[in-house]
Amino acid sequence: MSDPEAGSGPDSDREFDASESTARELDASDPLEGFRDRFDVPDTCYLDGNSLGPASDEAVATLEHVVEEWRTLGVRGWTEGDPPWFWYGERLGERLAPMVGANPDEVVVGNSTTVNIHTLIGTFLEAADGDTVVVNELDFPTDHYAIASQLRARGLDPNEHLVRVESEDGRTIEEDAIREAVDDETAIVFFPSVLYRSGQLFDLEALTEVAHEHDAFAGFDLAHSVGAMAHDLSGIGADFAVWCHYKYCNAGPGAVAGLYVNERHFGTRPGLAGWWGHEKETQFDLNLEYTSATSAGAWQIGTIPIFAAAPLDGALSVLEEAGLEAIRRKSVALTEYLIALTDERLSEYGVDVGTPRETDRRGGHVALEHEQAYALGAALRERGYVVDVRPPNVVRVCPAPLYLGYHDVWAFVDVVETLFDEDSLEAVNPDAVT
């Protein structure tokens with residue numbers, strides 16, 4: 001194991017030590033160890049934060065705060081709340097902007113991730129010279145559903161205009177294959193920052209350059225990276241991005257989503273216009289003629305759901321205090337530790353690591369591959385080790401840095417080894433495992 005950015009973790013100059021005592025020593029020297037006490041973490045070991053993060057004291061407190069404002073202020077909460085609900089999306093966008101490397105008015109909180117894909121793909125299809133959208137065959141399905149819908153709405157056949165870059169190994173997508181797929185007919189290159197199944201991390205700056213070389217727009221789905229690492233969207237010149245807040249940001253199930261639009265596109269008519277994206281100063285004039293906000297706020301659609309947004313307010317306080325650089329350092333160290341332990345103790349049982357081993361190509365979770373993945377996932381959950389399973393054979397394991405440590409990873413690998421030793425895996429209906 002070695003990683004110059006890890007900052008903490010097993011010493012790369014020594015032979016790897018897989019002992020339990022070493023795991024405890026690493027936790028004792030971890031600067032983020034104290035944050036776990038601020039989370040209500042379910043089960044024995046919660047390793048599914050890449051799907052839904054747990055509740056923090058701060059997130060619950062801000063939710064309770066707006067519930068009390070509803071009780072005491074009623075409709076006056078829109079203007080007299082602390083902070084006023086009317087500007088909630090813009091204010092949270094300003095707090096998120098440094099985390100994604102954007103100017104304050106380039107980020108807003110609103111809608112859901114899929115809705116944001118619809119409106120932004122629709123926006124940039126209208127503005128583009130080309131008429132194809134380049135994606136990849138390992139994407140999370142909702143991205144393709146939304147893009148195909150937007151193509152059909154313009155009379156374009158998705159079978160011809162949705163270009164899917166193929167994977168050579170079923171796990172990852174090579175940059176050369178992306179370059180070959182983009183041409184002068186491309187309107188948008190739309191890629192995730194991290195592949196949801198394997199955890200492959202993409203070079204967003206390189207993908208932006210590929211798109212712009214062909215006068216196409218570069219858009220990204222950051223669902224598996226916001227809150228887990230820093231971004232530099234404005235610095236690399238990305239055109240737009242979307243993401244959720246219920247994974248690494250720990251803002252709760254169904255938390256309101258976020259979006260980024262580069263300021264050079266302000267004034268472009270949103271693909272799905274709604275009253276919450278209207279110019280704020282005249283929004284309550286209730287004119288039938290739409291006047292777009294001159295910020296990312298223009299891509300809001302309906303009224304912001306305050307109860308779905310409030311927990312993010314508190315959750316961001318935790319991320320700001322911990323710092324994304326420290327979070328990323330520990331994430332890299334924990335995933336590297338998990339990979340090393342898997343090689344050391346689980347490979348003999350047929351467990352393979354499906355996640356890139358290079359630090360700069362790996363997100364915050366590790367894909368463990370095994371022919372009995374569904375049975376393994378179910379058996380782990382029965383013992384309080386919560387993971388999720390993705391077809392055809394992947395157990396996703398997320399050692400989230402704010403509430404998990406090295407001993408948690410060690411204990412997880414230990415229980416997996418025990419399950420194999422005891423031959424405890426039984427046939428499982430895949431539909432019964434998330």
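Brief remarks follow.
- With Cα atoms, 0 to 90° folded angle of helix 113-127 axis to the chain main axis: 50
- Among Trp87, Gln283, Val41 - extreme Cα towards positive end, dipole of the chain, charges at beta-carbon: Gln283
- Across region 35-102, C-alpha contacts under 8 Å between residues 6 or more apart give a mean separation that, scaled by the residue count, equals a relative contact order of 18 percent.
- Springs join every pair of Cα atoms under 10 Å in this Gaussian network model of the chain, and among Tyr46, Tyr349, Tyr403 the largest mean-square fluctuation is at Tyr349.
- Measuring r between the beta carbons of Glu166 and Glu348 and using R0 = 45 Å, the FRET efficiency lands at 0.90.
- Averaged per residue, region 280-434 has 38 square angstrom of accessible surface, using a 1.4 angstrom probe with ligands and nucleic acids left out.
- Using a probe radius of 1.4 angstrom, the carbon and sulfur fraction of the accessible surface of the chain is 47%.
- Against the chain, whose longest principal axis comes from its Cα atoms, helix 406-421 is set at around 60 degrees.
- Whole-angstrom gap from region 212-227 to region 253-267, using each part's C-alpha centre: 12
- Relative contact order %, region 208-342, counting alpha carbon pairs below 8 Å whose residues are six or more apart: 23
- HN-Hα J in Hz across region 341-354 - Karplus 6.51, -1.76, 1.60, θ = phi - 60°, x for Gly and Pro: 5, 4, 4, 6, 10, 10, 4, 5, 9, x, 8, 10, 8, x
- Cα gyration tensor category, rounded, prolate or oblate, for region 329-368 with a/c compared to 1.5: prolate
- Derived scalar couplings between HN and Hα for region 333-340 equal 5, 5, 5, 5, 5, 4, 4, 5 Hz in order, rounded to whole Hz, by the Karplus curve 6.51 cos²θ - 1.76 cosθ + 1.60 (θ = phi - 60°), x for Gly and Pro.
- Karplus (6.51, -1.76, 1.60) ³J(HN,Hα), θ = phi - 60°, over region 192-205, in Hz, Gly and Pro reported as x: x, 6, 9, 5, 5, 8, 8, x, 4, 9, 8, 8, 5, 5
- Here the sum of -39500 (n - 2.57) over DSSP H runs of 4 or more residues, divided by the residues of the chain, equals -11000 deg cm²/dmol at 222 nm, to the nearest 500.
- Cα-based radius of gyration of region 97-205 once divided by 2.2 N^0.38 Å, which approximates compact folds: 1.10
- Over the chain, relative contact order from alpha-carbon pairs under 8 Å, at least 6 apart, %: 23
- Total formal charge among the other residues, if their Cβ is under 12 angstrom from that of Gln200, Lys/Arg +1 and Asp/Glu -1: -2
- Long-range HN-HN contacts of Ser292 with modeled amide H, under 5 Å: Glu279
The values are calculated or read from the model by the stated rules, or taken from the named source; none is laboratory data. All values reported here derive from a predicted model rather than from experimental measurement. Methodologically, a virtual Cβ is constructed for each residue, glycine included, from the backbone with ideal geometry; neighbour enumeration extends over all protein chains shown. Heavy atoms of the whole protein, side chains included, go into the accessibility calculation; ligands, DNA and RNA do not. Shrake-Rupley method; radii C 1.70, N 1.55, O 1.52, S 1.80 Å.
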